[in-house]
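Participant: Got a structure for you, written out below as structure tokens; questions coming shortly.
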């Protein structure tokens, strides 16, 4: 047993592999969530300005197409408002809130798993240390007066590596959770900014349904229904 993983297993005890699995799982979750949130974050102000320019020219279909082609939750918020542009202001705000209730859980998905890893890893590390310390005490008792204190101290030191590993995994998981939670707060702030901007813009364009082509084209919605484009 000279290879590195066998030596590390002997040093950290039987709970090394569960801790290693948690560490790899946390890394995978962090990378996946980071990429997902990065793809979903757009420059809100230029996006809203482009939509406003289209609406002021009566091009509702083009504005909806821009929302369809843009990634992330912000375009979905704007799209929900545009699909209800001909309804009362309260109904437009309700549609925006409903869209937000759909998008926010998608942003927060799997984030709780990182927090769970941060809570479980120290417990597993401490358990591994206690198991290693108990084994060292049993061996010390069996040796009796011939027990080597230096060897006993070395076994206890090796058992402590399990706690060190567990605390390290927990600290990294909490840092990852804090970073991702900050990214989510930034995106939610963008969603609020976009919702406020598009609702105000729609309120300033009461004649929007009368603008545009005389033969409206059907616009697909996420539910598979079709809405006639008033532009």
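Computed from the coordinates by the stated procedures, all read-outs in this text should not be read as laboratory data. Quantities reported herein were computed from a predicted structural model and do not represent experimental measurements. Every residue, glycine as well, gets a Cβ built from its backbone with ideal geometry; the counts of neighbours run over all protein chains shown.
Participant: To make sure I understand, if each residue's beta carbon is the centre and we count other beta carbons within 10 Å, what order do 131, 180 fall in, fewest to most?
Facilitator: Ordered from fewest to most neighbouring Cβ atoms within 10 Å, 131, 180 come out as 131, 180.
Participant: Taking a spot 7 Å from the Cα of residue 188 along the direction of its beta carbon, which residues of region 45-76 have an amide N less than 15 Å from it?
Facilitator: Residues 73-74 fall inside that zone.
Participant: Can you put 202, 104 in order of Cβ neighbours within 10 angstrom, beginning with the fewest?
Facilitator: 104, 202
Participant: Just rank 92, 21, fewest to most, by other beta-carbon atoms within 10 angstrom.
Facilitator: 21, 92
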